[in-house]
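The values are calculated or read from the model by the stated rules, or taken from the named source; none is laboratory data. Bear in mind that the values here come from a model prediction, so they are computed numbers and not experimental data. FYI the Cβ positions are ideal-geometry reconstructions off the backbone, even for glycines, and counts take in every protein chain you see. These accessible areas exclude ligands, DNA and RNA; they are computed on the full protein's heavy atoms, side chains included. Shrake-Rupley method; radii C 1.70, N 1.55, O 1.52, S 1.80 Å.
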Amino acid sequence: MVAPASQTPITTAPSLWRRWFSGDGWISLASVATVLGLWWVASHAGWVSSLFLPTPEAVIRAFVDIVVNGYKGVPLLFHIWDSLYRLGIALVLAVAIAVPLGMACGASDKLRAVVEPLIEFYRPLPPLAYYTLLVIWLGIENASKIALLFLAAFAPLFIAAVAGVQRVPRDRILGSQSLGANRWQIFRYVIFPSVLPDLFTGLRTAIGFAYTTLVAAEMVAAVSGIGWMVLDASKFLRSDVIFVGIFIMGGIAVALDWLLRWVMRSHLTWVGRE
């Protein structure tokens with residue numbers, strides 16, 4: 001006998017542990033282990049000079065030394081904080097401006113005709129091409145870096161918001177209107193939830209663009225941050241410190257992306273069930 005709908009057990013999302021140790025999880029772990037193993041063999045066998053490819057043990061020692069003593073007398077957490085502070089402020093500003101503007105442009109062809117050409121002009125430009133202007137206008141402190149990161153994150157968020165609004169099925173809006181919903185209710189309960197998946201995808205893309213731009217900005221004009229630490233270490237051929245910086249930047253990027261995907265899985269439960 002089939003159980004009534006009210007008694008049907010609800011399927012919960014698999015835990016992170018279970019996903020990692022499923023079939024695909026083992027493949028991912030094996031892939032990472034293979035790369036680390038090749039690195040260990042190549043560095044210990046002398047296939048590549050230690051000047052260019054340090055051993056894993058040397059990288060671990062450099063990481064411990066930086067954690068304990070800092071880099072150039074500055075604690076590691078200070079460098080990480082400076083990078084995340086610049087990134088966080090720029091993302092907050094980009095979300096606060098790009099998302100409402102993009103949704104408005106998605107609903108209004110005339111407004112989109114005004115704004116979209118400006119976005120499409122600067123979007124393909126390499127960030128470092130206009131970063132020199134930002135440095136001239138705003139100086140080498142955080143203001144120029146935050147402005148650069150804001151511009152890097154703005155375009156993906158704007159495009160995602162426009163595309164999300166344009167993809168909202170017309171039937172949903174008409175159905176809401178037939179049930180007596182006003183404009184605010186249609187926006188809150190129909191349009192905005194429908195656009196959220198696109199916004200999160202755009203936010204993931206924006207974080208990726210802004211993160212790579214952050215490293216480039218710190219390499220050009222900065223005295224702190226993970227990107228600056230990597231550049232400064234390269235001047236002294238400290239490849240172990242360079243590897244430490246790369247692993248820290250990669251770990252932070254993976255953590256940010258995982259956090260966004262977790263929010264999507266836990267809060268946007270209707271995605272894929274429409």
Self-check item: the range 155-185: number of residues that are of a type in the set (Val, Ile, Thr) and within 24 Å of LEU91 (Cα to Cα)
Solution: 3
Exercise. Could you look through the range 84-125, keep only residues that are open to solvent by 80 Å² or more (accessible area, probe 1.4 Å) and of a type in the set (Lys, Arg), and pick out the one that is nearest to the chain's Cα centre (by Cα)?
Key: ARG123
Practice problem: State which residue pairs qualify: first residue free of Cβ contacts under 8 Å to residues at least 12 places away in the same chain and inside the range 108-123, second residue not charged (D, E, K, R) in any location, beta carbons under 9 Å apart, and separation of 6 or more residues or different chains. | Solution: LEU111/LEU101; LEU111/ALA104; LEU111/CYS105; ALA113/CYS105; VAL114/CYS105; GLU120/ALA155
Exercise. Being part of a helix (DSSP H, G or I), farther than 30 Å from PRO56 by Cα and in contact (Cβ under 8 Å) with a residue 40 or more places away in the chain narrows it down to one of LEU174, LEU199, LEU256, LEU214, so name that one.
Key: LEU199
Exercise. Of the conditions (1) out of contact with any strand residue (DSSP E or B) (no Cβ under 6 Å at 6 or more places or on another chain); (2) in contact (Cβ under 8 Å) with a residue 40 or more places away in the chain; (3) assigned to a helix (DSSP H, G or I), MET229 clears all except one; give me its number.
Key: (1)
Quiz item: Taking into account only those residues within the range 126-174 that are farther than 30 Å from GLN185 by Cα and β-branched (Val, Ile, Thr), which is nearest to the chain's Cα centre (by Cα)?
Solution: ILE146
Practice problem: Would you be able to tell me the number of residues in the range 232-253 that are open to solvent by 50 Å² or more (accessible area, probe 1.4 Å), in a helix (DSSP H, G or I) and among the hydrophobic types (A, V, I, L, M, F, W, C)? | Solution: 2
Exercise. Considering only residues that are touching a helix residue (DSSP H, G or I) at 6+ places or on another chain (Cβ under 7 Å), closer than 22 Å to GLY251 by Cβ and of a type outside the set (A, V, I, L, M), look in the range 188-212 and name the one that is most open to solvent (accessible area, probe 1.4 Å).
Key: PHE209
Quiz prompt | Any hit, the range 55-68, residues being within 29 Å of LEU148 (Cα to Cα) and surrounded by 14 or more Cβ atoms within 10 Å (Cβ to Cβ) | solution = yes
